[in-house]
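Heads up, the thing below is written out as structure tokens.
Nothing in this text is a laboratory measurement; each read-out follows from the coordinates by a stated rule. All of these numbers come straight from a predicted model, not from anything done at the bench.
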Amino acid sequence: MSIPDHARANFQTLLRAAADGNLALLECTDAATGAPRYVVCAVGRDGEEFLFTPFGHLAEGNPYDAYLPPEP
């Protein structure tokens, strides 16, 4: 399975934000369920305003139960 270019580009953006100290963890509300989600965001600026770009939320419970590893 090949990782698509858009996912690689987003990951590189996430790495740059982390290296620059521009990450935030925000408590948000899931748009579909209304459940709280803890969202990893890159932080940018537009003049005096902060801009938050969401990259994903932290897994609820045991993340090892939520995902299967790639096939060899």
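For Ile3 and Leu15, compute 0.36 nm times the residue count separating them, minus their Cα-Cα distance, and round to one decimal in nm.
Stretched out fully, the Ile3 to Leu15 stretch lengthens by 2.7 nm.
Using every pair of alpha-carbon atoms in the chain, split the distances into 10 Å bins beginning at 0 and state the percent of pairs per bin, rounded to integers.
17, 37, 38, 8, 1
Tilt of helix 5-19 relative to the longest C-alpha principal axis of the chain, in degrees (0 to 90, nearest 10)?
The angle comes out near 60 degrees.
Evaluate the relative contact order of the range 23-72 (contact order divided by residue number), counting alpha-carbon pairs under 8 angstrom at least 6 apart; express in whole percent. Spell out each step's value before the answer.
Working: 62 pairs, mean separation 13.0, N = 50.
Normalised by residue count, the contact order of the range 23-72 is 26 percent.
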